[in-house]
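The values are calculated or read from the model by the stated rules, or taken from the named source; none is laboratory data. What you see is a predicted model, and the numbers here were worked out from it, not measured in a lab. Cβ placement follows ideal geometry from the backbone for every residue including glycine, while neighbour counts extend to all protein chains displayed.
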């Protein structure tokens, strides 16, 4: 008897463990298991100065936004801290305010290193199994969009995008910044998740084989 186990391919490379396949819309990923993925960048309010009633209200709004997610959904929240020496420029209505800001700038730039925090919220949704089997239809230009598994998959895609937009709209009411990442921003963010080398990543002309 021949033992062929040693000749079978092993999942021992980084791309074997990455879930991403292709960009199928602005900042919208199709994963290897047929799931959809989309990332939002957000920045929350200063809760340190909030009252107890204000905190309760924020929690209630967050709960209202996220409780609409049923089964087959997954959320990832990440705080990314990166070194930053950029002091934001601004204009002031009077010389005194400008002088105060210049003093603040000098104090900021006199220190060796500062870190800036950026926050990301990633939504992942896995459609029903009977629809996942036709994930490749999304990559075909003239794929049928009627009833059946293909239609179910496209309907799941529309539901996913609509739900993410609804949640983003609710979060916008309680957060200073909430926005969807573009293709380039999405790939740059994903690269930062698996590498310590921070640099900008531009989406390829054919945005497929993202794990390569």
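In the stretch 40-50 there is at least one residue matching the filter, namely being at pLDDT 90 or above and within 18 Å of residue 187 (Cβ to Cβ).
Pairs are defined by a Cβ separation below 8 Å, a sequence spacing of at least 6 or placement on different chains, a first member in the stretch 63-76 that is under 9 Å from residue 126 (Cβ atoms), and a second member that is assigned to a strand (DSSP E or B); the pairs so defined are 72/125; 73/123; 73/124; 73/125; 74/123; 74/124; 74/125.
Restricting attention to the stretch 98-121, the residues that are surrounded by 10 or more Cβ atoms within 10 Å (Cβ to Cβ) and touching a strand residue (DSSP E or B) at 6+ places or on another chain (Cβ under 9 Å) total 8. Per the listing 95, 127, the residue uniquely surrounded by 13 or more Cβ atoms within 10 Å (Cβ to Cβ) and more than 15 Å from the chain's Cα centre (by Cα) is 127.
Restricting attention to the stretch 175-191, the residues that are within 14 Å of residue 22 (Cα to Cα) and buried (at least 18 other Cβ atoms within 10 Å of the Cβ) total 4. Picking from residues in the stretch 153-168 that are surrounded by fewer than 16 Cβ atoms within 10 Å (Cβ to Cβ) and touching a helix residue (DSSP H, G or I) at 6+ places or on another chain (Cβ under 9 Å), the one that is farthest from residue 39 (Cα to Cα) is 155. Looking at the stretch 179-196, which of the residues that are under 12 Å from the mean Cα position of the chain (by Cα) and outside any helix (DSSP H, G or I) is farthest from residue 27 (Cα to Cα)? Looking at the filtered set, the residue picked out is 179. Of all residues in the stretch 51-92, exactly one satisfies the criterion of being under 22 Å from residue 116 (Cα atoms), out of contact with any strand residue (DSSP E or B) (no Cβ under 7 Å at 6 or more places or on another chain) and surrounded by 11 or more Cβ atoms within 10 Å (Cβ to Cβ), namely 87. Close contacts from the stretch 171-195, counting a first residue that is without any contact (Cβ under 8 Å) to a residue 40 or more places away in the chain and a second that is surrounded by 19 or more Cβ atoms within 10 Å (Cβ to Cβ) and in a strand (DSSP E or B), with Cβ to Cβ under 7 Å and a gap of 6+ residues or different chains, come to 172/178. For the stretch 71-93, a residue qualifies if it is part of a loop (DSSP other than H, G, I, E, B) and modelled with pLDDT under 85, and the qualifying residues are 85, 86, 87, 88, 89, 90, 91, 92, 93. When each of 141, 112 is tested for being under 19 Å from residue 25 (Cα atoms), assigned to a loop (DSSP other than H, G, I, E, B) and either at pLDDT 90 or above or out of contact with any helix residue (DSSP H, G or I) (no Cβ under 9 Å at 6 or more places or on another chain) (or both), the lone residue that passes is 141.
Pairs linking a residue in the stretch 30-47 that is touching a residue at least 60 places away in the same chain (Cβ under 8 Å) and on the phi > 0 side of the Ramachandran plot to a residue that is surrounded by 20 or more Cβ atoms within 10 Å (Cβ to Cβ) and part of a helix (DSSP H, G or I), with Cβ atoms under 8 Å and 6 or more positions apart or on different chains, are 34/131; 34/135; 34/153.
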